[in-house]
Amino acid sequence: MQTATVTLSAAQLQTLRESPVILIPAPGAGQAINVASATLQYNAGNERYAGGHSRFEITLGSYDSLNPICVFDSVLTSGFTDQDGDQTKTLQANPLDPSLDIQNLDLEIVNFGPPLIDGNGTVTVSVNYTVAALP
């Protein structure tokens, strides 16, 4: 089991809708990322993000592709990044349809919905995963 940890700055969070962040790079031909769990930690700044109807999506491959592969349930920004104090969400991976082609896809996080504005906290994302060789 490996762990990848990425801390998203306030600037990255505010542009995450237009500029997804790669959490784990694509592993190469004949290999796939097999996620197990993720933890998102909101580290509150002195100004919280405006609430809203956004959600964080973690996907294998790009979220704007024809068929994004959402490997975890969404994390709503309401009740998470609009709080005055630190917050933590732990996610377990969703089972994937065995017919999906997951070969050589990266793992990305994107904000789907209205952008986060006015805040200055950070979000640290830790993902537990393995890399599997595909037949």
Exercise for review: Could you list, in sequence order, all residues of region 31-84 that are among the aromatic types (Phe, Trp, Tyr), within 11 Å of the chain's Cα centre (by Cα), closer than 22 Å to Ala11 by Cβ and modelled with pLDDT of 90 or more?
Suggested key: Phe56
Revision key, fill the gap. Contact list, first residue from region 12-34 and surrounded by 11 or more Cβ atoms within 10 Å (Cβ to Cβ), second anywhere and part of a strand (DSSP E or B) and charged (D, E, K, R), beta-carbon distance below 7 Å, six or more apart or interchain, is Pro20/Glu108; Val21/Glu108; Ile22/Glu108; Leu23/Glu108
Practice item. Mind telling me which of the residues Asp101, Asp82, Asp97 ends up being among the charged types (D, E, K, R), free of Cβ contacts under 8 Å to residues at least 12 places away in the same chain and over 17 Å from Pro27 (Cα atoms)? Key: Asp97
Point to revise | Residues of region 47-68 satisfying the condition of being closer than 20 Å to Ser99 by Cα, surrounded by fewer than 19 Cβ atoms within 10 Å (Cβ to Cβ) and among the hydrophobic types (A, V, I, L, M, F, W, C) | key: Leu66
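With the structure loaded, tell me whether Arg17 is modelled with pLDDT under 95, of a type outside the set (Phe, Trp, Tyr), in contact with an Asp or Glu (Cβ under 6 Å, 6 or more places away or on another chain) and in a loop (DSSP other than H, G, I, E, B) or whether it fails that test.
No, not satisfied.
The values are calculated or read from the model by the stated rules, or taken from the named source; none is laboratory data. Fair warning: this is a prediction, and the values are worked out from it, not measured in the lab. Every residue, glycine among them, receives a Cβ derived from its backbone with ideal geometry; neighbour counts consider all protein chains shown.
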